[in-house]
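What follows is a short report on a single structure.
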Amino acid sequence: MRIFVSIWNTQDIRQMTLTAFLLTARRHTTISISSICSKLQLQLQHNSNSSSNNNSRPQQQELQQLLQQQLEQRQQQLLQSQERIEKRLDDTGTVNKGMSEASRDFTNKLLRDKGVAFKMLPICLDVLDDAFSDRLYKWGDNEQEKDGLPGCQAILQRELLPLKSDGENLGIFDVRSLALPEVHGEKQKSNGYSDLAIGDLATLSLPNTRDFAFGLSVALIELKTAKAPLKNGQLLLQLISFSSISNAEQGVVVLGTDCATKWRLVYFTKFNEITIQQYVCGKKCLDDLSSLIESSAERKRSLVPSSLPSIEETQFPEDAEDPAHSSAYLNAVAHHLAGLFPSEREDLLPMVDENRNPPPMIYL
(Lines give C-alpha, C1' and ligand atoms only; values in the text may rest on other atoms or scores of the structure.)
Protein backbone atom coordinates (compact mmCIF):
# COMPACT_ATOMS: atom_id res chain seq x y z
CA MET A 1 0.00 0.00 0.00
CA ARG A 2 2.92 2.34 0.65
CA ILE A 3 4.13 1.91 -2.93
CA PHE A 4 0.65 2.66 -4.29
CA VAL A 5 0.28 5.86 -2.31
CA SER A 6 3.70 7.04 -3.38
CA ILE A 7 2.65 6.79 -7.03
CA TRP A 8 -0.88 8.17 -6.76
CA ASN A 9 -1.58 11.17 -4.60
CA THR A 10 -4.64 11.41 -2.38
CA GLN A 11 -6.58 13.57 -4.84
CA ASP A 12 -6.08 11.03 -7.64
CA ILE A 13 -7.31 8.19 -5.41
CA ARG A 14 -10.40 10.13 -4.39
CA GLN A 15 -11.12 11.00 -8.02
CA MET A 16 -10.79 7.37 -9.13
CA THR A 17 -12.97 6.17 -6.26
CA LEU A 18 -15.67 8.75 -7.01
CA THR A 19 -15.69 7.88 -10.71
CA ALA A 20 -15.97 4.15 -9.96
CA PHE A 21 -18.79 4.80 -7.50
CA LEU A 22 -20.71 6.98 -9.96
CA LEU A 23 -20.31 4.48 -12.79
CA THR A 24 -21.65 1.73 -10.52
CA ALA A 25 -24.51 3.97 -9.39
CA ARG A 26 -25.39 4.77 -12.99
CA ARG A 27 -25.47 1.07 -13.89
CA HIS A 28 -27.67 0.19 -10.91
CA THR A 29 -29.96 3.16 -11.60
CA THR A 30 -30.42 2.07 -15.21
CA ILE A 31 -31.18 -1.48 -14.07
CA SER A 32 -33.55 -0.15 -11.39
CA ILE A 33 -35.50 1.89 -13.92
CA SER A 34 -36.06 -1.16 -16.11
CA SER A 35 -36.75 -3.52 -13.22
CA ILE A 36 -39.14 -1.28 -11.30
CA CYS A 37 -41.04 -0.26 -14.41
CA SER A 38 -41.51 -3.94 -15.31
CA LYS A 39 -42.73 -4.76 -11.80
CA LEU A 40 -45.15 -1.86 -11.76
CA GLN A 41 -46.50 -2.83 -15.16
CA LEU A 42 -47.03 -6.42 -13.97
CA GLN A 43 -48.74 -5.10 -10.85
CA LEU A 44 -50.91 -2.88 -13.02
CA GLN A 45 -51.90 -5.83 -15.19
CA HIS A 46 -52.54 -8.08 -12.17
CA ASN A 47 -54.66 -5.49 -10.40
CA SER A 48 -56.53 -4.85 -13.62
CA ASN A 49 -57.36 -8.55 -13.98
CA SER A 50 -58.36 -8.82 -10.33
CA SER A 51 -60.52 -5.76 -10.42
CA SER A 52 -62.31 -7.01 -13.53
CA ASN A 53 -63.71 -9.85 -11.38
CA ASN A 54 -64.36 -7.97 -8.13
CA ASN A 55 -65.03 -4.34 -9.00
CA SER A 56 -67.24 -2.38 -11.29
CA ARG A 57 -65.79 -0.88 -14.46
CA PRO A 58 -65.46 2.73 -13.06
CA GLN A 59 -63.51 1.43 -10.07
CA GLN A 60 -61.30 -0.60 -12.36
CA GLN A 61 -60.47 2.45 -14.50
CA GLU A 62 -59.76 4.56 -11.41
CA LEU A 63 -57.36 1.92 -10.08
CA GLN A 64 -55.61 1.66 -13.43
CA GLN A 65 -55.14 5.44 -13.58
CA LEU A 66 -53.73 5.50 -10.06
CA LEU A 67 -51.23 2.75 -10.80
CA GLN A 68 -50.26 4.42 -14.06
CA GLN A 69 -49.57 7.69 -12.23
CA GLN A 70 -47.43 5.84 -9.69
CA LEU A 71 -45.51 4.22 -12.53
CA GLU A 72 -44.86 7.54 -14.26
CA GLN A 73 -43.81 9.26 -11.01
CA ARG A 74 -41.35 6.49 -10.18
CA GLN A 75 -39.93 6.57 -13.70
CA GLN A 76 -39.46 10.34 -13.43
CA GLN A 77 -37.72 10.04 -10.06
CA LEU A 78 -35.31 7.41 -11.34
CA LEU A 79 -34.56 9.36 -14.51
CA GLN A 80 -33.81 12.48 -12.47
CA SER A 81 -31.48 10.44 -10.29
CA GLN A 82 -29.70 9.13 -13.36
CA GLU A 83 -29.35 12.67 -14.77
CA ARG A 84 -27.73 13.81 -11.52
CA ILE A 85 -25.28 10.91 -11.70
CA GLU A 86 -24.49 11.69 -15.35
CA LYS A 87 -23.79 15.31 -14.44
CA ARG A 88 -21.47 14.27 -11.62
CA LEU A 89 -19.66 11.93 -14.00
CA ASP A 90 -19.27 14.73 -16.53
CA ASP A 91 -17.97 17.07 -13.82
CA THR A 92 -15.30 14.58 -12.75
CA GLY A 93 -13.61 15.12 -16.12
CA THR A 94 -13.98 18.92 -16.08
CA VAL A 95 -11.04 21.13 -15.12
CA ASN A 96 -12.24 23.80 -12.71
CA LYS A 97 -9.97 26.75 -11.89
CA GLY A 98 -10.61 30.05 -10.20
CA MET A 99 -10.12 33.07 -12.43
CA SER A 100 -7.27 34.30 -10.25
CA GLU A 101 -5.49 30.95 -10.71
CA ALA A 102 -6.09 30.54 -14.45
CA SER A 103 -2.92 29.65 -16.35
CA ARG A 104 -2.19 30.85 -19.87
CA ASP A 105 -2.93 27.43 -21.41
CA PHE A 106 -6.16 27.07 -19.44
CA THR A 107 -7.32 30.55 -20.47
CA ASN A 108 -6.36 30.08 -24.13
CA LYS A 109 -8.27 26.80 -24.31
CA LEU A 110 -11.35 28.29 -22.65
CA LEU A 111 -11.31 31.33 -24.96
CA ARG A 112 -11.00 29.05 -28.01
CA ASP A 113 -14.02 27.11 -26.81
CA LYS A 114 -15.91 30.43 -26.59
CA GLY A 115 -14.76 31.41 -30.10
CA VAL A 116 -12.86 34.45 -28.79
CA ALA A 117 -9.28 35.57 -29.55
CA PHE A 118 -7.21 38.28 -27.89
CA LYS A 119 -4.32 40.53 -28.85
CA MET A 120 -1.84 42.56 -26.81
CA LEU A 121 -1.01 46.07 -27.98
CA PRO A 122 2.41 47.63 -27.46
CA ILE A 123 2.77 49.32 -24.08
CA CYS A 124 1.42 52.87 -24.17
CA LEU A 125 4.26 55.21 -23.16
CA ASP A 126 2.28 58.47 -23.28
CA VAL A 127 2.61 60.59 -20.14
CA LEU A 128 -0.17 63.16 -19.69
CA ASP A 129 0.54 64.48 -16.21
CA ASP A 130 3.93 64.38 -14.51
CA ALA A 131 2.32 65.29 -11.19
CA PHE A 132 -0.12 62.36 -11.32
CA SER A 133 2.34 60.17 -9.39
CA ASP A 134 1.85 62.44 -6.38
CA ARG A 135 -1.82 61.40 -6.24
CA LEU A 136 -1.24 57.62 -6.28
CA TYR A 137 -1.77 55.10 -3.51
CA LYS A 138 1.20 54.27 -1.29
CA TRP A 139 1.06 50.61 -0.32
CA GLY A 140 2.43 49.50 3.06
CA ASP A 141 4.78 46.52 3.25
CA ASN A 142 2.18 44.17 4.76
CA GLU A 143 -1.00 45.63 3.29
CA GLN A 144 -3.52 43.30 1.64
CA GLU A 145 -5.98 44.22 -1.09
CA LYS A 146 -8.78 44.67 1.45
CA ASP A 147 -6.61 47.17 3.35
CA GLY A 148 -5.86 49.28 0.30
CA LEU A 149 -9.32 49.14 -1.28
CA PRO A 150 -10.83 52.20 0.48
CA GLY A 151 -7.85 54.39 -0.41
CA CYS A 152 -7.74 53.17 -4.01
CA GLN A 153 -11.49 53.62 -4.37
CA ALA A 154 -11.16 57.21 -3.17
CA ILE A 155 -8.38 57.88 -5.73
CA LEU A 156 -10.43 56.41 -8.58
CA GLN A 157 -13.51 58.38 -7.58
CA ARG A 158 -11.48 61.59 -7.52
CA GLU A 159 -9.87 60.93 -10.92
CA LEU A 160 -12.85 59.45 -12.80
CA LEU A 161 -16.02 61.03 -11.46
CA PRO A 162 -18.29 62.61 -12.51
CA LEU A 163 -18.81 60.13 -15.32
CA LYS A 164 -21.78 59.17 -17.48
CA SER A 165 -22.74 56.27 -19.71
CA ASP A 166 -25.81 56.27 -21.93
CA GLY A 167 -27.07 59.36 -20.09
CA GLU A 168 -26.82 57.83 -16.60
CA ASN A 169 -24.54 59.13 -13.83
CA LEU A 170 -22.09 56.51 -12.59
CA GLY A 171 -20.54 55.65 -9.25
CA ILE A 172 -17.87 53.21 -8.01
CA PHE A 173 -19.09 50.36 -5.79
CA ASP A 174 -17.55 47.56 -3.75
CA VAL A 175 -18.53 44.19 -5.31
CA ARG A 176 -16.12 41.84 -3.52
CA SER A 177 -18.96 39.76 -2.10
CA LEU A 178 -20.60 39.11 -5.48
CA ALA A 179 -19.60 36.11 -7.58
CA LEU A 180 -19.21 36.63 -11.31
CA PRO A 181 -21.09 34.24 -13.63
CA GLU A 182 -19.25 31.01 -14.40
CA VAL A 183 -17.31 30.83 -17.65
CA HIS A 184 -17.42 27.32 -19.09
CA GLY A 185 -16.22 25.58 -22.21
CA GLU A 186 -15.37 22.05 -23.34
CA LYS A 187 -14.41 20.27 -20.10
CA GLN A 188 -13.30 23.54 -18.51
CA LYS A 189 -14.94 26.07 -16.25
CA SER A 190 -13.88 29.03 -14.15
CA ASN A 191 -15.42 31.10 -11.36
CA GLY A 192 -14.24 34.27 -9.73
CA TYR A 193 -14.76 37.65 -8.11
CA SER A 194 -13.67 41.23 -8.64
CA ASP A 195 -13.20 44.23 -6.36
CA LEU A 196 -14.96 47.33 -7.68
CA ALA A 197 -17.59 48.06 -10.31
CA ILE A 198 -18.49 51.31 -12.07
CA GLY A 199 -22.25 51.39 -12.47
CA ASP A 200 -25.56 53.23 -12.26
CA LEU A 201 -25.24 55.69 -9.37
CA ALA A 202 -28.94 56.31 -8.77
CA THR A 203 -29.99 52.67 -8.59
CA LEU A 204 -26.98 51.10 -6.89
CA SER A 205 -26.98 53.76 -4.17
CA LEU A 206 -30.39 52.52 -3.01
CA PRO A 207 -30.63 49.81 -0.30
CA ASN A 208 -30.99 46.16 -1.33
CA THR A 209 -29.81 46.71 -4.91
CA ARG A 210 -26.25 45.40 -4.67
CA ASP A 211 -27.21 42.12 -6.38
CA PHE A 212 -27.97 44.23 -9.49
CA ALA A 213 -24.43 45.63 -9.51
CA PHE A 214 -22.99 43.59 -12.40
CA GLY A 215 -26.06 44.00 -14.58
CA LEU A 216 -26.09 47.79 -14.14
CA SER A 217 -22.33 48.33 -14.44
CA VAL A 218 -20.11 49.05 -17.42
CA ALA A 219 -16.65 48.46 -15.91
CA LEU A 220 -14.90 46.23 -13.39
CA ILE A 221 -11.78 47.10 -11.43
CA GLU A 222 -9.45 44.28 -10.35
CA LEU A 223 -7.28 45.63 -7.56
CA LYS A 224 -3.80 44.25 -6.81
CA THR A 225 -1.26 45.14 -4.16
CA ALA A 226 2.10 46.65 -5.09
CA LYS A 227 3.70 43.18 -4.81
CA ALA A 228 1.03 41.19 -6.66
CA PRO A 229 1.21 40.98 -10.46
CA LEU A 230 -1.66 41.59 -12.83
CA LYS A 231 -2.78 38.37 -14.51
CA ASN A 232 -4.01 38.47 -18.10
CA GLY A 233 -5.87 35.17 -17.68
CA GLN A 234 -7.86 36.55 -14.77
CA LEU A 235 -8.68 39.83 -16.53
CA LEU A 236 -9.73 38.06 -19.75
CA LEU A 237 -12.04 35.64 -17.95
CA GLN A 238 -13.50 38.46 -15.87
CA LEU A 239 -14.32 40.36 -19.06
CA ILE A 240 -15.98 37.31 -20.68
CA SER A 241 -18.01 36.65 -17.53
CA PHE A 242 -18.91 40.31 -16.95
CA SER A 243 -20.08 40.81 -20.54
CA SER A 244 -22.51 37.90 -20.14
CA ILE A 245 -24.44 39.62 -17.33
CA SER A 246 -24.00 43.38 -17.88
CA ASN A 247 -26.61 45.34 -19.80
CA ALA A 248 -23.69 46.86 -21.69
CA GLU A 249 -22.77 43.38 -23.00
CA GLN A 250 -19.55 43.62 -25.02
CA GLY A 251 -19.33 47.34 -24.39
CA VAL A 252 -17.88 46.59 -20.94
CA VAL A 253 -14.26 47.09 -19.90
CA VAL A 254 -12.01 45.71 -17.12
CA LEU A 255 -9.28 47.75 -15.41
CA GLY A 256 -6.45 45.96 -13.64
CA THR A 257 -4.45 48.22 -11.33
CA ASP A 258 -2.72 48.78 -8.01
CA CYS A 259 -3.45 52.53 -8.29
CA ALA A 260 0.30 53.09 -8.30
CA THR A 261 2.47 51.57 -11.01
CA LYS A 262 0.30 48.93 -12.70
CA TRP A 263 -2.34 50.04 -15.21
CA ARG A 264 -4.00 47.71 -17.74
CA LEU A 265 -7.26 47.80 -19.72
CA VAL A 266 -9.02 44.78 -21.24
CA TYR A 267 -11.97 45.31 -23.61
CA PHE A 268 -13.67 44.03 -26.77
CA THR A 269 -12.63 45.54 -30.09
CA LYS A 270 -14.64 43.00 -32.13
CA PHE A 271 -17.47 40.71 -31.15
CA ASN A 272 -14.96 37.84 -31.01
CA GLU A 273 -11.72 39.70 -30.22
CA ILE A 274 -10.39 41.20 -26.98
CA THR A 275 -7.63 43.79 -26.70
CA ILE A 276 -5.17 44.10 -23.81
CA GLN A 277 -3.49 47.50 -23.36
CA GLN A 278 -0.77 48.18 -20.78
CA TYR A 279 0.05 51.77 -19.71
CA VAL A 280 3.02 53.51 -18.16
CA CYS A 281 0.98 56.56 -17.12
CA GLY A 282 -2.05 56.02 -14.90
CA LYS A 283 -3.61 59.29 -16.02
CA LYS A 284 -3.58 58.17 -19.65
CA CYS A 285 -5.07 54.80 -18.66
CA LEU A 286 -7.90 56.43 -16.72
CA ASP A 287 -8.61 58.86 -19.55
CA ASP A 288 -8.92 55.94 -21.97
CA LEU A 289 -11.08 54.09 -19.46
CA SER A 290 -13.41 57.10 -19.26
CA SER A 291 -13.67 57.20 -23.06
CA LEU A 292 -14.48 53.50 -23.25
CA ILE A 293 -17.14 53.84 -20.55
CA GLU A 294 -18.76 56.89 -22.15
CA SER A 295 -18.93 55.08 -25.49
CA SER A 296 -20.09 51.74 -24.04
CA ALA A 297 -23.59 51.95 -25.52
CA GLU A 298 -22.24 52.78 -28.97
CA ARG A 299 -19.62 50.04 -28.75
CA LYS A 300 -22.27 47.53 -27.66
CA ARG A 301 -24.23 48.24 -30.85
CA SER A 302 -21.19 48.23 -33.12
CA LEU A 303 -19.75 44.97 -31.75
CA VAL A 304 -22.74 42.89 -32.79
CA PRO A 305 -21.66 40.55 -35.64
CA SER A 306 -22.95 41.68 -39.03
CA SER A 307 -25.67 39.60 -40.62
CA LEU A 308 -24.48 36.99 -43.09
CA PRO A 309 -25.76 37.00 -46.68
CA SER A 310 -28.35 34.36 -47.40
CA ILE A 311 -27.98 31.88 -50.23
CA GLU A 312 -30.96 33.45 -52.00
CA GLU A 313 -29.08 36.74 -52.33
CA THR A 314 -26.35 35.12 -54.43
CA GLN A 315 -26.90 34.77 -58.18
CA PHE A 316 -25.82 31.38 -59.49
CA PRO A 317 -25.54 30.50 -63.21
CA GLU A 318 -28.42 28.62 -64.73
CA ASP A 319 -27.86 25.07 -65.97
CA ALA A 320 -25.10 24.64 -63.40
CA GLU A 321 -24.96 20.90 -64.13
CA ASP A 322 -23.92 21.62 -67.70
CA PRO A 323 -20.11 21.08 -67.94
CA ALA A 324 -19.84 24.36 -69.79
CA HIS A 325 -21.15 26.19 -66.73
CA SER A 326 -19.53 24.11 -63.97
CA SER A 327 -16.56 26.44 -63.57
CA ALA A 328 -18.78 29.53 -63.37
CA TYR A 329 -21.03 27.76 -60.88
CA LEU A 330 -18.13 26.77 -58.62
CA ASN A 331 -16.72 30.29 -58.72
CA ALA A 332 -20.12 31.68 -57.77
CA VAL A 333 -20.24 29.28 -54.82
CA ALA A 334 -16.71 30.32 -53.88
CA HIS A 335 -17.64 34.01 -53.89
CA HIS A 336 -20.65 33.26 -51.71
CA LEU A 337 -18.57 31.29 -49.21
CA ALA A 338 -15.92 33.98 -49.19
CA GLY A 339 -18.63 36.44 -48.19
CA LEU A 340 -19.64 34.19 -45.31
CA PHE A 341 -16.07 33.54 -44.20
CA PRO A 342 -13.94 36.55 -45.19
CA SER A 343 -10.94 35.30 -43.23
CA GLU A 344 -10.80 32.24 -45.52
CA ARG A 345 -11.11 34.17 -48.78
CA GLU A 346 -7.62 33.29 -50.02
CA ASP A 347 -8.30 29.58 -49.54
CA LEU A 348 -11.74 29.69 -51.10
CA LEU A 349 -10.83 31.66 -54.24
CA PRO A 350 -10.26 30.35 -56.78
CA MET A 351 -11.99 27.03 -56.23
CA VAL A 352 -11.23 25.73 -59.71
CA ASP A 353 -7.58 25.40 -60.74
CA GLU A 354 -6.08 25.98 -64.16
CA ASN A 355 -6.67 22.32 -65.11
CA ARG A 356 -10.37 22.60 -64.22
CA ASN A 357 -9.96 20.12 -61.37
CA PRO A 358 -12.72 20.16 -58.74
CA PRO A 359 -11.94 21.88 -55.45
CA PRO A 360 -10.83 19.96 -52.38
CA MET A 361 -13.39 19.14 -49.69
CA ILE A 362 -14.19 22.15 -47.53
CA TYR A 363 -15.19 21.51 -43.93
CA LEU A 364 -17.38 24.27 -42.52
(request) Starting at the first residue of segment 149-160, write each ³J(HN,Hα) from the Karplus equation 6.51 cos²θ - 1.76 cosθ + 1.60 with θ = phi - 60°, in whole Hz, x for Gly and Pro. (result) 4, x, x, 5, 4, 5, 5, 5, 5, 5, 7, 9
(request) Rank these residues by their accessible area, most exposed first, probe 1.4 Å: 200, 141, 258. (result) 141, 200, 258
(request) Heavy atoms only, probe 1.4 angstrom, no DNA, RNA or ligands counted: give me 176, 158, 112 ranked by accessible area, highest first. (result) 112, 158, 176
(message) Out of all Cα-Cα pairs in segment 193-276, roughly what percent, to the nearest whole number, are more than 16 Å apart?
(response) 51 percent
(message) Taking 35 Å as R0, compute the FRET efficiency from the Cβ-Cβ separation of residue 269 and residue 142 and round it to 0.05.
(response) 0.35
(message) I need the calculated FRET efficiency for the pair residue 95 and residue 62, taking r as the beta carbon distance and R₀ as 51 Å, to the nearest 0.05.
(response) 0.40
(message) Using the basic label-point model (7 angstrom from Cα toward the beta carbon), what is the residue 177 to residue 203 distance in nanometres?
(response) 2.0 nm
(message) As an exercise, find the ratio Rg/Rh for segment 230-305 from alpha-carbon atoms, using the Kirkwood inverse-distance average for Rh.
(response) 0.96
(message) What figure, in Å² to the nearest 10, do you get for the accessible area of residue 66 with a 1.4 Å probe and non-protein molecules left out?
(response) 90 Å²
(message) Leaving out ligands, DNA and RNA, and with a 1.4 Å probe, what % of the accessible surface on segment 126-269 is carbon or sulfur?
(response) 49 percent
(request) For segment 152-231, just list the percent of Cα-Cα distances falling in each 10 Å bin from zero outward, please. (result) 16, 44, 30, 10, 1
(message) Using protein chains only and a probe of 1.4 angstrom, how many square angstrom of residue 195 are accessible, to the nearest 10?
(response) 10 Å²
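The values are calculated or read from the model by the stated rules, or taken from the named source; none is laboratory data. Here the structure is a predicted model, which means the values were calculated and not measured. Quick reminder, even Gly has a Cβ in these numbers, built from the backbone with ideal geometry, and neighbours come from all protein chains shown. Calculation scope for accessible area: heavy atoms of the full protein, side chains included, ligands and nucleic acids excluded. Shrake-Rupley method; radii C 1.70, N 1.55, O 1.52, S 1.80 Å.
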